[in-house]
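Data block below; observations after.
The values are calculated or read from the model by the stated rules, or taken from the named source; none is laboratory data. No experiment lies behind these values; they were computed from the predicted model shown. Positions of Cβ are backbone-derived with ideal geometry, glycine not excepted, and every protein chain shown enters the neighbour counts.
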């Protein structure tokens with residue numbers, strides 16, 4: 001057989017959420033950039049299909065014709081994922097996403113996050129579960145920022161959310177994957193996509209998340225806060241792809257003893 | 001009359017509806033969503049949604065966030 005005729009590798013099937021398949025397993029936030037131009041360039045470099053946005057009150061009196069986020073991250077090109085960042089109870093989160101649905105012309109896919117306190121931004125799980133239940137019954141497709149607790153993740157799945165998104169470490173901390181064992185438990189049990197949301201600091205963190213078997217990774221600070229955000233966006237794209245490929249390929253088992261890579265037979269000495 | 005617009009007092013002519021408020025803010029045709037007293041009002045219903053004194057109106061948009 002001619003070496004050049006080797007069969008092509010099967011492409012990764014992509015990430016399916018709520019019945020729609022996305023090429024990229026990297027989801028990115030649109031916050032913390034220095035300006036809209038940097039937002040646009042980094043978003044493009046990330047290769048992400050799904051971009052999170054925040055919903056906020058319009059500044060009354062500000063120039064209504066100033067360029068807006070949706071001009072540089074257009075819904076015609078990207079799937080916009082409105083979040084509930086800054087909400088500390090279920091009622092506020094549900095209200096925010098009802099506004100988002102109207103803003104985005106009936107768009108159903110949303111990111112729910114109900115926070116516990118400002119110091120940790122850890123999810124308030126009782127309120128998160130309450131909001132998830134209301135939103136699912138109201139017809140939303142809900143992706144949920146949650147604790148890395150397999151029991152809470154299962155409760156969310158039972159409610160009917162479309163993805164669970166446990167934190168790898170605190171939002172914006174860049175501390176990486178602090179409890180891979182909990183993530184593995186969630187990945188193993190879940191029949192819906194599991195994405196790491198929050199805590200990724202650099203490319204290797206994203207690769208580790210994917211190697212664990214996560215379906216995707218969502219990040220914002222790791223890209224926007226890097227010295228060169230556009231370059232880091234590309235690094236994250238490559239890391240998520242590399243980690244996914246490694247997961248699909250199946251890593252070698254770790255072993256205590258060495259194992260030579262070169263054959264022992266036929267040595268010249 | 002006086003309404004509360006995005007958390008702040010806002011003077012408005014009696015009998016004004018949401019469409020007039022949004023037009024006065026120069027936000028007609030912009031990507032915004034509106035709620036009155038925490039009830040979302042679809043844009044096609046702004047005209048004719050007459051506001052009352054002390055109504056709480058939220059006008060929101062999408063901004064950068066993670």
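Please find, within segment A:115-148, the residue that is nearest to the other protein chains (Cβ to nearest Cβ) out of those that are in a loop (DSSP other than H, G, I, E, B) and in contact with a strand residue (DSSP E or B) (Cβ under 9 Å, 6 or more places away or on another chain). Show your work before the answer.
Step one: list which residues in segment A:115-148 are in a loop (DSSP other than H, G, I, E, B), which gives A:116-122, A:124, A:138-140, A:147-148.
Applying the additional criterion that residues be in contact with a strand residue (DSSP E or B) (Cβ under 9 Å, 6 or more places away or on another chain) yields A:116, A:121-122, A:124, A:140, A:147-148.
Values: A:116: 17, A:121: 11, A:122: 15, A:124: 18, A:140: 13, A:147: 18, A:148: 18 Å.
That would be A:121.
Spot the failing condition for residue A:77; the list is (1) within 12 Å of chain B (Cβ to nearest Cβ); (2) closer than 24 Å to residue A:219 by Cβ, and only one is missed.
So residue A:77 meets the others, but not (1).
For segment B:38-66, what are the residues that are more than 7 Å from chain A (Cβ to nearest Cβ) and outside any loop (DSSP other than H, G, I, E, B)?
Once the filter is applied, which keeps residues that are more than 7 Å from chain A (Cβ to nearest Cβ) and outside any loop (DSSP other than H, G, I, E, B), segment B:38-66 yields B:39, B:43, B:44, B:45, B:50, B:56, B:57.
Which residues, counting only those in segment A:43-78, are buried (at least 19 other Cβ atoms within 10 Å of the Cβ) and part of a helix (DSSP H, G or I)?
Scanning segment A:43-78 gives A:43, A:45, A:46, A:69, A:70, A:72.
Can you pull out the residues in segment A:244-257 that are exposed (fewer than 10 other Cβ atoms within 10 Å of the Cβ), without any contact (Cβ under 8 Å) to a residue 24 or more places away in the chain and within 25 Å of residue A:207 (Cα to Cα)?
Passing the criteria: A:250, A:252, A:253, A:254, A:255, A:256.
Only one of these conditions is not met by residue A:10: (1) in a loop (DSSP other than H, G, I, E, B); (2) touching a helix residue (DSSP H, G or I) at 6+ places or on another chain (Cβ under 8 Å); (3) under 30 Å from residue A:246 (Cβ atoms). Which number is it?
With respect to (1) in a loop (DSSP other than H, G, I, E, B); (2) touching a helix residue (DSSP H, G or I) at 6+ places or on another chain (Cβ under 8 Å); (3) under 30 Å from residue A:246 (Cβ atoms), residue A:10 is out only on (2).
So is residue B:40 without any contact (Cβ under 8 Å) to a residue 12 or more places away in the chain and touching a strand residue (DSSP E or B) at 6+ places or on another chain (Cβ under 7 Å) or not?
Yes; evaluated as a whole, the condition is true for this residue.
Could you check segment B:11-27 and list, in sequence order, the residues that are in contact (Cβ under 8 Å) with a residue 12 or more places away in the chain and over 12 Å from residue B:51 (Cβ atoms)?
Passing the criteria: B:25, B:27.
Look through A:243, A:172, A:266 and report the one residue that is more than 14 Å from every other protein chain (Cβ to nearest Cβ), at positive phi and either in contact with a helix residue (DSSP H, G or I) (Cβ under 8 Å, 6 or more places away or on another chain) or assigned to a loop (DSSP other than H, G, I, E, B) (or both).
A:266
For (1) surrounded by 15 or more Cβ atoms within 10 Å (Cβ to Cβ); (2) over 20 Å from the mean Cα position of the chain (by Cα); (3) closer than 29 Å to residue B:37 by Cα, each residue gets a yes or a no:
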site	(1), (2), (3)
A:10	no, yes, no
A:16	no, no, no
A:20	no, no, no
A:29	yes, no, no
A:41	yes, no, no
A:80	yes, no, yes
A:112	yes, no, yes
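Output yes when any residue across segment A:227-243 is buried (at least 21 other Cβ atoms within 10 Å of the Cβ), more than 30 Å from residue A:9 (Cβ to Cβ) and modelled with pLDDT under 95, and no when none is.
No, segment A:227-243 contains no residue that is buried (at least 21 other Cβ atoms within 10 Å of the Cβ), more than 30 Å from residue A:9 (Cβ to Cβ) and modelled with pLDDT under 95.
Which of the residues spanning segment B:17-37 are assigned to a helix (DSSP H, G or I) and either more than 12 Å from chain A (Cβ to nearest Cβ) or in contact with a strand residue (DSSP E or B) (Cβ under 9 Å, 6 or more places away or on another chain) (or both)?
Within segment B:17-37, B:18, B:19, B:20, B:21, B:22 meet the criteria.
For segment A:227-243, what are the residues that are free of Cβ contacts under 8 Å to residues at least 24 places away in the same chain and more than 14 Å from residue A:45 (Cα to Cα)?
A:227
Can you tell me which residues in segment B:1-16 are under 23 Å from residue A:62 (Cβ atoms), more than 8 Å from chain A (Cβ to nearest Cβ) and surrounded by 13 or more Cβ atoms within 10 Å (Cβ to Cβ)?
Hits for segment B:1-16 are B:3, B:4, B:12, B:16.
Which one is farthest from residue A:22 (Cα to Cα), of the residues in segment A:84-114 that are part of a strand (DSSP E or B) and in contact with a helix residue (DSSP H, G or I) (Cβ under 8 Å, 6 or more places away or on another chain)?
My answer is A:112.
Would you say residue A:116 is within 22 Å of residue B:39 (Cα to Cα) and surrounded by fewer than 19 Cβ atoms within 10 Å (Cβ to Cβ)?
Working: within 22 Å of residue B:39 (Cα to Cα): no; surrounded by fewer than 19 Cβ atoms within 10 Å (Cβ to Cβ): yes.
Here the answer is no, as residue A:116 does not meet what is asked.
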